[in-house]
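> Take this structure first; my questions come after.
The values are calculated or read from the model by the stated rules, or taken from the named source; none is laboratory data. Predicted model only: the values in this text are computed from it and were never measured. As a convention, Cβ positions derive from the backbone with ideal geometry for all residues, glycine included, and neighbour counts pool all protein chains shown.
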Amino acid sequence: MKATVLIILAVLVAGCAHLSTGNEGHHYYRAVSFPKVDLNLKTDNGERIDSVEVIMHCGRFTAINRIPNDWSAQVVSPVSEETTLTMEAGHGSTALWHSEDLYDFITVLVCEPSCFDITASLRASYYDGEMHERTISFKQTELIMKPLPNKSVHRIAETVGSR
């Protein structure tokens, strides 16, 4: 398990290594949250969030800070500077009642600010004799992106190498 985590971290660090040595100041971290989403909770079965998708360009997912109980998560490695995170409930009873349950759920590293873009969507559904689903999409400007202290990419690589 420890080796897997080290390999994943090394790949993430190497993924941003295409920038020249003098550009570490252009890398920065953000904790990402969804804004408050009004779900239709008026029915007995209530609308709930059962999946999440995040698509990012010119950045890397450096941490999944929260995976709800009985959810799965998958990060697809960058291809042409696009990487994707998908998360979904294992079954209906673990779907989320509130978007706030995904507060600061991921941390991203912006590798190239000039082309960085992140979009995200939630799928919400409820059943009242028939299934009702809707996808709620967010542009980068609509997501909550909280600055985190910068860390040198070289310092992270040294830490990984010393373990």
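> Among the listed residues VAL5, VAL37, VAL54, identify the single one that is modelled with pLDDT of 70 or more and over 16 Å from the mean Cα position of the chain (by Cα).
Numbers: VAL5 fails: modelled with pLDDT of 70 or more; VAL54 fails: over 16 Å from the mean Cα position of the chain (by Cα).
Every option except VAL37 fails the conditions.
> Quick one: count up the residues across the range 74-100 that are assigned to a helix (DSSP H, G or I) and surrounded by fewer than 14 Cβ atoms within 10 Å (Cβ to Cβ). Talk me through it step by step, then tell me what you get.
Pass one, the range 74-100, residues assigned to a helix (DSSP H, G or I): 92-94, 99-100.
Still in the running and surrounded by fewer than 14 Cβ atoms within 10 Å (Cβ to Cβ): 92-93, 100.
Residues in the range 74-100 being assigned to a helix (DSSP H, G or I) and surrounded by fewer than 14 Cβ atoms within 10 Å (Cβ to Cβ): 3 in total.
> Another one. ASP70 - would you say it is surrounded by fewer than 16 Cβ atoms within 10 Å (Cβ to Cβ) and either in contact with a helix residue (DSSP H, G or I) (Cβ under 8 Å, 6 or more places away or on another chain) or farther than 21 Å from TYR28 by Cα (or both)? Walk me through it before giving the result.
Working: surrounded by fewer than 16 Cβ atoms within 10 Å (Cβ to Cβ): yes; either in contact with a helix residue (DSSP H, G or I) (Cβ under 8 Å, 6 or more places away or on another chain) or farther than 21 Å from TYR28 by Cα (or both): yes.
So ASP70 passes the test.
> Return the pairs, sorted by first residue and then second, in which the second residue is among the hydrophobic types (A, V, I, L, M, F, W, C) and modelled with pLDDT of 70 or more, the first residue lies in the range 133-158 and is closer than 13 Å to THR107 by Cα and loosely packed, with under 11 Cβ neighbours inside 10 Å, the beta carbons are less than 9 Å apart, and the residues are 6+ apart or on different chains.
PRO147/ALA31
> Here's something else I'd like to know. Given the structure, is LEU122 touching a His at 6+ places or on another chain (Cβ under 8 Å) and either farther than 19 Å from SER137 by Cβ or touching a residue at least 60 places away in the same chain (Cβ under 8 Å) (or both)?
When the stated conditions are applied, LEU122 does not pass them.
> Then there's this: Answer yes or no as to whether VAL108 is more than 10 Å from the chain's Cα centre (by Cα) and at pLDDT 95 or above.
Numbers: more than 10 Å from the chain's Cα centre (by Cα): no; at pLDDT 95 or above: yes.
No.
> Checking SER80 against (1) over 25 Å from TYR29 (Cβ atoms); (2) without any contact (Cβ under 8 Å) to a residue 12 or more places away in the chain; (3) small (Gly, Ala, Ser), only one condition comes out false. Which one?
Failed condition: (1).
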